[in-house]
Amino acid sequence: MAKSGSIMVLGGGVAGVQAALDLADLGYYVYLVEKKASIGGVMAQLDKTFPTNDCSL
Amino acid sequence: MAKENAVEKEKEMTQEGFDPKILGFFCHWCCYAAADSAGVSRYQYPPNVRVIRVMCTGRIDARFVVEAFRCGADGVFTGG
Amino acid sequence: MIVTEASRQLLEDCGVDSDRLSLEWASAAEAPRFVELITGYVSKIRDKGPLGSSDGEVSRDTIKRRLAAAVKAAGARKPRTLLGNLAKKLSKSGDYSKEAIANGVKAKVLPAMRSERISHELRILLSEAPLDMKSLCTQTGASAEELEKIMAPLVKKGLISQKKGKIALVAGE
Amino acid sequence: MEGLEGKPGQFTAKVFQEPRYINEDLCTACGMCTMYCPRPVVDTYNERLEITRAPHIDYAQAIPSSYYIDAKACLRVNFETCNLCAQTCTAGAIDFSQKPKRLELEVGAVVLTPGFGRVDAAVLEKYGYGKYPDVVTAFEFERLTCASGPTEGHIVRPSDNKTPKKIAFLQCIGSRDETCGNGYCSSVCCMYAIKEASVAKEHEPDLDVSIFFMDVRTMGKGFDEARRRAQEKYGINVIRARVPRVDQVDGRLALTWTSDDGNHHSGIFDMVVLSVGLESPEDAQILSEIADIELNHYNFCSTRVDAPLSTSRDGVFVAGAFQGPKDIPESVTQASGVAAIASELLAEARNSKTVSITYPEENKALEEQEPRIGIFVCHCGVNIAGVVDVKAVRDYAASLPGVVLYEDPLYSCSQDALKSIAEKIKKNNLNRVVIAACSPRTHEPLFQETLRSVGLNPALVEMANIRDQCAWVHAQEPDAATEKAKDLVRMAAAKARLLTPLEQPTVDVTPGALVLGGGAAGMSAALSIAEQGYNVVLVEKSSQLGGNLRRLTWTLDGENAKAVLKELISRVDAHPGIEVITDSTVESISGYVGNFTSTIATGKKTRLVNHGVTVIATGAREYKPKSYGYGESPRIVTQLELEEKLARGKSFLKNARNIVMIQCVGSRGDDMSHCSRLCCTQAVKNALKLKELKPDCNIYIFYRDMRTYGFYEDAYREARRKGIVFLRYSPDKRPEVVKQSRGIKVRAFDRLLGEDIEIPANLVVLSAGIAPGDNQELSKILKAPLTSDGFFLEAHAKLRPVEIAVDGVYLCGLAHGPKSLEESVAQAKAAAAKATIPLAKGKVAVAPIVSRVDQDACIGCGICESLCPFNAIRLSKVGKRKKAQTITASCKGCGICASHCPTLAISMGGFTDEAIMAQIHAFSGQECSEG
């Protein structure tokens, strides 16, 4: 039986989003499943991040 | 022409609220994005700036700045 | 920013208050900072009044003529090469301090930009009417000595002529 | 997720989807629904510090960028009343007929990234949280410091909304605390506390900020440096103590603590911030049952050192904080790594499920004609039209040169409006389009698609931002806003006239990779790329594979490092897709992403290798101590030397009574400025081993901060329990190793006693740090920048941790910075994922905004080459002279080359000099002829 070319990513925080993006870039169809109404997770709540103090959005 | 300009200038000077014409060069990734975000938050600021979007402030050439002033800008705001 | 500093010094050279040019940074997340910057800047320009009315600025007409010449100067090869080389040098040294940039531009780039500007302005002025040395000096803001130097190659190329104290564009240019 | 059945390659996942009650395709994110909703809801995005309404969006930049209705609060959903929002929504997006859905997804693999959970409120109660309003969590404090937060970045005490004067941060709340079941270290709190403290100081310079640490654990790359700067710049007080409780005294907060010299202290603060740790996700248990995976004793996902991203179930992978507490760069790294592993599993099914879109051919003839501009001035419901006189702007647009069509759609981005725009472009033979609406940052791609769908080049659309940067921000000045909108439209039209079709350049990719370095990272990366179906050439400088891993015997987790090494080497040797070249170095690399050519030197012989991507995994080495008598006695060794000794047997310990270890040898300002991250764990690991082999020996460890982060904390605790003595020293009072006629003595200052002590030592073990390899040469060859510590510099510390500034070159392992074996493997997988992306695509697409050099005008001065931040422009010989040429695959379109070109020979796609000048002239309004 053939393998499926799609992948499910459970959790839409920074790790989930990054994994989904890379998988899509690698040629797979990705289902990104998130509990909340928007993706981004905790990182979207952060103001700035060290050490560069870049904005996190 | 010169005379007209002088008259115009005097008019502007005597007007109570002189409304400057300002040209902005905004970086696509930074300042332009910040300006969009200000809109989303409905912040209010004076309507005097007209914006030219560039991909990076590095694009801005001295000619653009000088030309803007020649063309009647009272100020040029470059935002990275 | 080296280009901004060059623009600033070129504007000053044309008699424009260089505070009218502002370079600020606001990251994508800094909407409030952006609003603060823009609001502050607009009110600063409002206080300065229209171009040509701020302290130390020359008349609006003169400014406009000089700026027209300055655009050409900013596009001219020699000052641009000097600017590029300065940028190269600063990027190699990694020294992007305000002083290093300002001093670098002042020493390496401004003189060439200024003489290009004066050279172009000269031709703009003369295209209207022949003028004597003294009024050329007043109009361009250059010293007689400086003007002589700038005019020399133009005279040599036969672009302008100098007769009886009157300087004129050679027809056909 | 409700269920997961099947096997690797063929899973069926059951997913339950809740309704949003707002149609994402119709919602324009105008916010009217939130404004009209009568039902308040606490805003969890702002850590419950603010109130929103039932229909809302979490934050302005949220994706999907549509609002949703909180079903728990909505009156319509629960009581069938209200319905106000549906009436106010002009886009008709509100849809209460939506029902929850159960989906069954056929997937080949599952990636678990549920993130982390929050420490239970009960744990926080003993610090007065919930009882005293001015005790807040660091998450809440983060929102207070944030400009887009509830207080717009003003730091205020919740009790009276006044600015506090003294703030205390308490570390290790719910971490390193067995009483709450969290014996591990959360790894991120030290750094985030320092960050929040610095941001707070930036907002309120007069603040007095103290942070109470047990150990300052800033072991991330560049973190120690950032900490030092923050301490110096902001004068943050670092206090080493654990505060047991918080009391309220006269409306302020009282803390008492004991410093490590044994003295008691107390202080009064206005606000206390609890640096709460990261827990396993709340539903970890449920998830483990549904997905059938094992958890560790802290309820995080259980993984192995050599396979940190694989769960106990094949085909189910894990990344991020669920695998163990970690910060953003590590989460991002693991995420990319997990993509590589899933891709290894499913390589044969690549591209089988992806969707591609086709477009009609471009109508070149039409594009070349005189500009025929269509201008669409969008109402955006009332968003624009409520302020700007849209009809007046539309009519004004009609007067502009070249305009043949002018319209004012209600919502230009809606599906039906897009269709109508497409039809009108065709019908009126338009070849330029101006959309006066919202921001090109968000919507330009949409309209570009519309152009492509009717056979126009996507570069022929220009947007005027009359919403985000006009109507929304000048709501009180409709006349001025209308004038501004006219000016913006005029400028956009002026630019549109000069827009030219831009090629969408693509570059073919050589389907192979070059991996530099044959250590654990290099081998892991090579294996992953090869497993994904691409050839790899692996170049190793020494005569055998293994790198630093050869020197390890066991890992802290009790795994056999030698076995890990053996397995890696045999897999690499056996893989048909990997060619190993030992005793070799890279002499030169030319080319760019997709097409590199490298010269590999083996002894005196050289050969050429063509490859599409390059992975740097050149490792690092153990620092060679220059002090503490190293090299003067066989009894003074480094940790790795000790490990090698131990691997050979324990006979050398026969007479050992006292063993002294000294931390931070070479690191943290001793000789190198960085923290080597691993040495604390390495010391604890070896100390435990010594204790196991010779239980009656005394072991003393002199340290500055014990940085046994994450689950390594367990080993640290065990070491203390087993009687290993930990003594803190400060850098101005380092221990001294004194050689005597009969042996060695270590003299050091004991903080508790307040005086010097002397320990006769049978063995002194120096925890020598990790020094960068000889990266200078390679850095020059690749034009890959190094950090001031000599490691390779990643493209972005947080978001692009395995990429470097040069496209097509990736980074992993110790070459990037000190890290554990587990972290190296994860990072190697991440580099493999990133490196495989261009290989899998086969082509590198390039944004058409790149620079172009006019070869006739170029004088070959090389200014552009040296200024380009992306190495995307190079001089090469054309005929007799050198000319600059853009490497389109690397160019980002920043335009520095163009603005510095002495002969104006460089132009930028979509942002030409002419177009910008035209915008400037249009800005002036009056005829502003060429000067």
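Couple of notes before you dig in:
- Proximal lysines relative to C:LYS166, as straight alpha-carbon distance under 20 Å, when same-chain residues fewer than 8 apart are discounted: C:LYS134, C:LYS149, C:LYS156, C:LYS157
- At most 11 other Cβ within 10 Å, DSSP loop - GluC sites (Glu not before Pro), segment D:579-674: D:GLU632
- Put a dot 7 Å past the Cα of D:GLU282, heading toward its Cβ, do the same for D:GLN544, and the two dots end up 5.3 nm apart.
- Local net charge near D:VAL593, Cβ-Cβ under 15 Å (Lys/Arg +1, Asp/Glu -1): +3
- Cα long-axis angle, helix D:639-648 against chain D (0 to 90 degrees, to the nearest 10): 60
- Between 0 and 90°, nearest 10: helix D:679-693 axis offset from chain D longest Cα axis: 30
- In a reduced charge model with +1 at each Lys and Arg Cβ and -1 at each Asp and Glu Cβ, segment D:19-99 shows a dipole moment near 220 debye about its Cα centre.
- Pairwise label distance in nanometres, D:PHE870 with D:SER159, each label 7 Å out on the Cα-Cβ vector: 5.4
- Each Cα pair under 8 Å and six or more residues apart adds its sequence gap; the mean of these over the residue count of segment D:498-576 is a relative contact order of 28 percent.
- Cβ charges +1 (Lys, Arg) and -1 (Asp, Glu), total dipole of segment C:2-129, debye: 640
- Extended-chain gain in nm, criterion 0.36 nm per residue less alpha-carbon gap, D:ARG571 and D:LYS427: 45.6 nm
- The slack between D:SER633 and D:VAL42, meaning 0.36 nm per residue of separation minus the straight C-alpha distance, is 206.1 nm.
- Shape category assigned to segment C:2-129 from the gyration tensor of Cα positions, a/c cut at 1.5: oblate
- Checking every one of the GluC sites (Glu not before Pro) in segment D:357-400 against DSSP loop status and a limit of 10 other Cβ atoms within 10 Å picks out D:GLU361.
- Taking the DSSP beta bridges with both ends in chain D, the antiparallel portion is around 55 percent.
- In segment D:737-800, trypsin sites (Lys or Arg not before Pro) in a DSSP loop with at most 15 other beta-carbon atoms within 10 Å: D:ARG742, D:LYS783
- Dipole magnitude for the protein assembly as shown: computed about the Cα centre from +1 point charges on Lys and Arg Cβ and -1 point charges on Asp and Glu Cβ, it is near 3460 debye.
- Percentage relative contact order, chain D, counting C-alpha pairs under 8 Å, at least six apart: 11
- For the set A:LYS3/D:LYS841; A:LYS3/D:LYS14; D:LYS604/D:LYS829, the pairs lying more than 22 angstrom apart at their alpha carbons are D:LYS604/D:LYS829.
- Convex hull per residue volume in Å³, alpha carbons only, for segment D:851-908: 65
- Using the Cβ-Cβ distance between D:ILE859 and C:LYS92 with R0 = 22 Å, the FRET efficiency computed as 1/(1 + (r/R0)^6) comes to roughly 0.60.
- If R0 equals 45 Å, the separation of the Cβ atoms of D:ASP395 and C:GLU148 corresponds to a calculated FRET efficiency of about 0.20.
- Along the axis of the charge dipole computed for chain D (Cβ charges of +1 for Lys and Arg, -1 for Asp and Glu, origin at the Cα centre), the listed residues D:ALA291, D:ILE744, D:SER899 are led at the positive end by D:ILE744.
- Calculated FRET efficiency for the pair C:ALA107/C:LYS134, C-beta based, R₀ 41 Å, to 0.05: 0.85
- Centroid-to-centroid, using Cα positions, segment D:299-356 and segment C:43-119 are 54 Å apart.
- Tensor-based shape of segment D:19-99 (alpha-carbon gyration tensor, a/c under 1.5 rounded, otherwise prolate or oblate): oblate
- Dividing the mean sequence gap of close Cα pairs (under 8 Å, 6+ apart) by how many residues segment D:255-317 holds gives a relative contact order of 18 percent.
- Residue order, fewest to most beta carbons within 10 Å, for D:ASP95, D:ASP416, D:ASP58: D:ASP416, D:ASP95, D:ASP58
- Considered as an equivalent ellipsoid built on the Cα gyration tensor, the protein assembly as shown has semi-axes of 55, 38, 33 Å, the largest given first.
- Cα centroid separation - segment D:527-554 against segment D:699-744, whole Å: 34
- Segment B:12-80 and segment D:599-644 have their alpha-carbon centroids 53 Å apart.
The numbers here are math on the coordinates, done by the rules we state, and not lab data. All values derive from a computational prediction rather than experimental measurement. As a convention, Cβ positions derive from the backbone with ideal geometry for all residues, glycine included, and neighbour counts pool all protein chains shown.
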